[in-house]
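The values are calculated or read from the model by the stated rules, or taken from the named source; none is laboratory data. Just so it is clear, the structure is predicted and the values come from calculations on it, not from any experiment. Reconstructed Cβ throughout: ideal geometry from the backbone, glycine too, with neighbour counts over all protein chains shown. Heavy atoms of the whole protein, side chains included, go into the accessibility calculation; ligands, DNA and RNA do not. Shrake-Rupley method; radii C 1.70, N 1.55, O 1.52, S 1.80 Å.
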Amino acid sequence: MILCSRCILPETFPNIKFDSEGICNHCRQDESALAKAPSKKADYRQKLDELIASIKGNAPSYDAIMAYSGGKDSSYTLKLLRERYNLRVLALTFDNHFVSPTAFENIRAVTDALHVDHISFKPPWPLMKSLFGLTARDDIFSSATLLRASSMCTACIGFVKSLTLKVALEMTIPLTAFGWSPGQAPIQSAIMKTNASLIGSNQKALIKSLPDTLQAQMKSYFIPDDYYVTYKERFPTNIHPLAFFPYDEEKIKRELESIGWKAPTNTDTNSTNCLLNAYANQVHIERLKFHPYVWEIANMVRQGVMSRTEGMEKIYSPQNPEQIEYARKKLDLT
Ligand SMILES: [Zn+2]
């Protein structure tokens, strides 16, 4: 298989083109933006400092709600919000029934070490089983969405985003924080006021892509129509600080270990917290012929926050067969 000689995107990635040097169109497009990245990152750090200075302590209960998986990126973001900014943070974990036991231990250790209140939200298993079963069989999302994540991941993240926002609106929390890696979400969206009408239309699209029975069962997890009017002034600002703070996986792990976080050993190479991930990856690779994390990892290689060798290892190693089997069995899929 031909891979971009710079960023590791494969020839099977939709609409990719390589030039005479074997470099892909995505790398070429990003060249000028990457040259400006260091000063842009500094601007965003200042922007976040200013934003936080303007909101800190004003809300009735919490300054920020953090979508918290227990993985290294969200743990590190949580640490940053507590130690650098001393924010009052509520951590929210979406329990999709595949959270690894180590992730739960990490959640407990990190929230205790950082003095953070934590809540966990777990929909009933039959509902999650139907949703993951559905997304394992069919790609119900747009092809643009599937360039960046598997169907199963997209469905799950849809829940996470929606619940985080819903709690923020109900509790008047001005910041919603996410631990997206620098490859997962662009710096341009790293500090952004939530756009109520955009969220409304995204949610409608997500709900519409589900079968009627699931739509009815899942309705309460989404933002009710009247919130767009009643809580119009409360729509929070989304932040994902890892887009503009120094990002070095090994250093992040070491810093987290100092507050009791442990690197899980039983998940796949791209997730340190979810036991569904290897299966979700495998299904995506078989169906679409490229790894659902390749976009993210290629971005990180291009940005120089991950070495090409490490990126290759993460993307082009086989998925752990025991993990695939574990998830397939649990979902009763053949
Ligand atoms: Zn490339």
Helical segments meeting 15 Å axial Cα length and Kyte-Doolittle 1.0 threshold in the chain (DSSP H): 151-171
Shape call, segment 24-74: gyration tensor on alpha carbons, a/c limit 1.5: oblate
Mean Cβ count within 10 Å, highest first, over the residues of peptides 254-260, 63-69, 226-232: 63-69, 254-260, 226-232
Protection proxy ranking, peptides 42-48, 176-182, 122-128, 23-29, average beta carbon neighbours within 10 Å, highest first: 176-182, 23-29, 42-48, 122-128
Cα Rg over Rh - segment 201-281, Kirkwood: 1.11
Cα-based shape type of segment 209-334, given that a ≥ b ≥ c are square roots of the gyration tensor eigenvalues and the cut on a/c is 1.5: oblate
Pairwise FRET efficiency - GLU31 versus THR194, Cβ, R0 = 25 Å, nearest 0.05: 0.20
The chain - charge dipole about Cα centre, Lys and Arg +1 at Cβ, Asp and Glu -1, debye rounded to 20: 380 debye
Charge dipole (segment 259-334, unit charges on Cβ, about Cα centre) - positive-most of VAL283, SER317, VAL301: VAL301
Kirkwood estimate for segment 59-197, i.e. one over the average of 1/r between Cα atoms, Å: 16.0 Å
Carbon and sulfur %, accessible surface of the chain computed with the full protein complex present, 1.4 Å: 53 percent
Solvent-accessible area of ILE119 with every protein chain in place, 1.4 Å probe, in Å² to the nearest 10: 70 Å²
The chain pair-distance distribution - Cα-Cα, 10 Å bins, rounded %: 5, 25, 35, 27, 8, 0
Radius ratio Rg over Rh of segment 120-212, counting only Cα atoms, Kirkwood formula for Rh: 0.96
Helix-only mean residue ellipticity at 222 nm for the chain, each DSSP H run of n ≥ 4 adding -39500 (n - 2.57), per residue, nearest 500: -15000 deg cm²/dmol
Solvent-accessible area per residue for the chain (1.4 angstrom probe, square angstrom): 46 Å²
Positive-end residue of MET128, PHE18, ILE223, charge dipole of the chain with Cβ unit charges: ILE223
